[in-house]
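Data block below; observations after.
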Amino acid sequence: MDTTMGTPKPPSRLLVAFGLISNIACSISIVFVNKWVYIHGFPNITLTCIHFMITGLGLFICERLGVFQRKSLPIISMIPLSLSFCGFVALTNLSLQNNTVGTYQLFKTLTMPCIMVIQTSFHGKTFSLPIKLTAIPISVGVFINSYYDVKFNILGTVYASLGVLVTSFYQVWVGSKQQEFQVNSMQLLFYQAPMSAIALLPIIPLFEDVIGLSPMLPLKSIPPTVWGMVFLSSCVAFLVNLTIFWIIGNTSAVTYNMVGHLKFVLVLLGGFLLFRDPLAINQIAGILLVVAGVVTYTHFKLKEQKKPPLPVVTEAKDEQ
């Protein structure tokens, strides 16, 4: 890539692989930590708000230690990104609350094609036919894996559909904002994390009782051991958020969704290996289809990256 034009050099494949593996490891870890926290009565959106507070604090410390250089960004331009995250969290929780797990997972597979439509319509980005076709085995694999649990209702479908739309815009904006402002993942997340935490604060009382007005467990009644796990979860969330922004900024939102499908498979396999959760034949078939889709996407993506760029500069010289 030409660095004389001010365009940063893309990361090496080894660095991209390390980022993807780090995100997978952290995301799977936080699933099990959060599961333990939720079992002990800690509210969901409150935990997410704390995650972003800790992420903001962690980035502030990193900036003070010189890990990255803070860059001034227009706050107004960051508001849509922060609000879309809040909508993504709220609608995802409402979707899970009003749908079965199978229906919830099935709608999540629509995020990748939705991102493709958004990027094609609003950002002029095109996707090759082989890349588009990789969504088919993944969607079929998720459906086969959970078809027995797929049930539709009007309210759940509305929440799930809106959740897919808001999530897609959020992930596209994460990448476009990094390019628009020429910032890295830390510089962008430095602003987005605290703004999202502040935006979530008025949402929390609408969905969760945190002051003990209902029979649910209020925050003041949560034991220190649970708070310790909340802090651990927040530290892992800091790494998850950082790797998400890095992956989208250095690859694409579509690639990040591919990684998400792979995490779905690994969580199922982890439950089988660690907790002896049973795996039915349809689940094994679904896992194989999802893995096939991810591997195929990776193959075509690497193949496209090997193609030489169009000789725009050479043509301009010839015309002169």
In this structure, is residue 77 surrounded by fewer than 20 Cβ atoms within 10 Å (Cβ to Cβ), more than 16 Å from the chain's Cα centre (by Cα) and either free of Cβ contacts under 8 Å to residues at least 40 places away in the same chain or at positive phi (or both)?
no
Across the range 17-52, which residue is farthest from residue 247 (Cα to Cα) among those that are without any contact (Cβ under 8 Å) to a residue 12 or more places away in the chain and within 16 Å of the chain's Cα centre (by Cα)?
25
Checking the conditions here, which among 96, 155 is within 30 Å of residue 280 (Cβ to Cβ), surrounded by fewer than 18 Cβ atoms within 10 Å (Cβ to Cβ) and free of Cβ contacts under 8 Å to residues at least 60 places away in the same chain?
155
Among the candidates 178, 171, 187, residue that is out of contact with any helix residue (DSSP H, G or I) (no Cβ under 7 Å at 6 or more places or on another chain) and over 15 Å from residue 95 (Cα atoms):
187
Across (1) surrounded by fewer than 17 Cβ atoms within 10 Å (Cβ to Cβ); (2) within 17 Å of residue 256 (Cα to Cα); (3) touching a Phe, Trp or Tyr at 6+ places or on another chain (Cβ under 6 Å), residue 125 clears everything bar (3)
Those residues that are of a type in the set (S, T, N, Q) and over 13 Å from the mean Cα position of the chain (by Cα), I need them from the range 252-288; list them, please.
282, 283
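Would you check which residues across the range 231-254 are among the hydroxyl-bearing types (Ser, Thr, Tyr) and closer than 18 Å to residue 302 by Cβ and list them?
Within the range 231-254, 251, 252 qualify.
Laboratory data are not the source of any read-out in this text; all were calculated from the coordinates shown. In this text the structure is predicted, and so the values were computed from the model without any measurement. Virtual Cβ from ideal backbone geometry, glycine too; neighbours counted across all protein chains shown.
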